[in-house]
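Comments concern the structure below.
Bear in mind that the values in this text are calculations on the coordinates, not laboratory data. Since we're looking at a predicted model, the values are computed, not measured. Quick reminder, even Gly has a Cβ in these numbers, built from the backbone with ideal geometry, and neighbours come from all protein chains shown.
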Amino acid sequence: MKRTRFLMVGGFLGAGKTTAIARLARHYMDQGLKVGIVTNDQAYGLVDTLSLRAQGFKVGEVTGACFCCKFNDLIATAEQLSQEDQPDVIIAEPVGSCTDLMATVMEPLRQLYGEAYELGPLAVLLKPEHGQKILGGESDVGFSPKAAYIFLKQLEEADVVVVNKIDKLSADERTQLTRLLAERFPGKQVLAVSGRAGSNFAELITAMNRRDAQHAPTPEVDYDIYAEGEAELGWLNAMVRLHSHTGRRFRLDDVVVRLVERLESAVRAAGGEPAHLKILGAADGATAIANLVSSTQDAELSLRSGAETTAAELTVNARVALAPEMLAELVERESAALADEFAVECALSDLQSFRPGRPVPTHRLQT
């Protein structure tokens, strides 16, 4: 029986997982391999899924909780991807606030479905801003120690730690961060790449292709701290529809960037810390994506459309250290203000705003 190679690329919110996965998937497809991707979110309406599908990838989605709590859904989604044409490779992207993946996803896959899946290493991407603050012991990291606990557990269980976005680091910053990782996790394989620019990406491909990968020991996880750390984040997904009743056209790229900028300013004024703000705009077959992954950086147009339109649908994903009720109010207010700025009509729908519930894994099997 042909086995599908199963790869998982995790990492905290804003680490650049989707961009790296797209590059990894494109590499395998260029090698003539069939690739399936499985995304994961606490709610429906995920920008990452829409983004990957817009790039032509075959994507399944598991919603409602992390892979660990929706293990059976993960298996069903992977099987669905195989119904038409079995993938040679499946790449899974877990929720950015999830940890304990080795015990709750990878090991159950190996023990229960080893005849169908060949497991590669667990790669965990690291956002430099989080790494520098948390590993450096800074007092103001933007999140509580409980959220930082999740971040550190993700790194502890990784087979490969990947410092991403090195194109935004100086040589000294890169050296300092890799030193901090070596001190905290001695003996662990650490790579430094740029998923967007492709710098050193061949090293990650080599690591993911290893057939003799030895998995890291399963760390102990305090699920009380884990649950409380996740619950500190307000989680919001929504759809914003814009329409010019006068027929006046607006730039799709400008709209998605301005809404991210407005939300970031509103979150900061409310005393919150953005873990990730991501907005996908779609209009007449064109797609634009803007995001912000830190209060110390500006909003970024990660996918430029160049489109002008009279109507657009904006998918909003916000992960913020702020009460979800307040987050919902900010999104409603700033969406209306955006519409006024661009002289268009605005309709908000499909709004989901909540704190993630306590993780209750389907399985927990230690190596």
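What per residue convex hull volume, in Å³, comes out for the range 233-354 when only alpha-carbon positions are used?
Normalising the Cα hull of the range 233-354 by residue number yields 80 Å³.
Counting only Cα atoms, I'd like the Rg/Rh figure for the range 19-173, Kirkwood definition for Rh.
Checking Rg against Rh, the ratio lands at 0.98.
Work out the FRET efficiency for D30 and A182 from their Cβ-Cβ distance, taking R0 = 45 Å, and round it to the nearest 0.05.
That gives a FRET efficiency of 0.85.
For the chain, modelled as a Gaussian network with Cα springs under 10 Å, which listed residue fluctuates most, L348, L112, L169?
Of L348, L112, L169, the most mobile in the Gaussian network model is L112.
What residue among G120, G45, G357 shows peak mean-square fluctuation when the chain is described by a Gaussian network model with Cα springs under 10 Å?
G357
What is the mean projected area of the alpha carbon convex hull for the chain, to one decimal in square nanometres?
17.4 nm²
Please work out how much length the chain gains when fully extended from E300 to T175, using 0.36 nm per residue of separation minus the C-alpha to C-alpha distance, in nm with one decimal.
Here the answer is 42.5 nm.
Relative contact order for the range 1-136: what percent, with Cα pairs under 8 Å and sequence separation of 6 or more?
42 percent
Based solely on its DSSP helices, what 222 nm [θ] is calculated for the chain when runs of n ≥ 4 H residues each add -39,500 (n - 2.57) and the sum is averaged over all residues, nearest 500 deg cm²/dmol?
Result for the chain, helices only: -11000 deg cm²/dmol.
Counting only C-alpha contacts under 8 Å and six or more residues apart, can you give the relative contact order of the chain as a whole percent?
21 percent
Using R₀ = 56 Å, calculate the FRET efficiency as 1/(1 + (r/R₀)^6) where r is the Cβ-Cβ separation of E341 and E220; round to 0.05.
My answer for the efficiency is 0.65.
Pairing the Cα long axis of helix 17-30 with the longest principal axis of the chain, what angle in degrees results, from 0 to 90 and rounded to the nearest 10?
On a 0 to 90 degree scale, this one is about 70.
To the nearest 20 debye, what charge dipole does the chain have about its Cα centre, counting +1 at the Cβ of each Lys and Arg and -1 at the Cβ of each Asp and Glu?
760 debye
Go ahead and set up a Gaussian network model of the chain, Cα springs under 10 Å, then flag whichever of R262, R196, R211 fluctuates most.
Between R262, R196, R211, it is R211 that shows the largest mean-square fluctuation.
Tell me which aspartates and glutamates have Cα within less than 20 Å of K58's Cα, excluding those fewer than 8 residues away on the same chain?
D30, D41, D48, D73, E79, E84, D85, D88, E93, E118
Give K2/K153; K165/K278; K146/K168; K133/K165 a once-over and call out the pairs whose C-alpha atoms are over 23 Å from each other.
K2/K153; K146/K168
What percent does the relative contact order of the range 233-354 come to when contacts are Cα pairs within less than 8 Å and at least six residues apart?
44 percent
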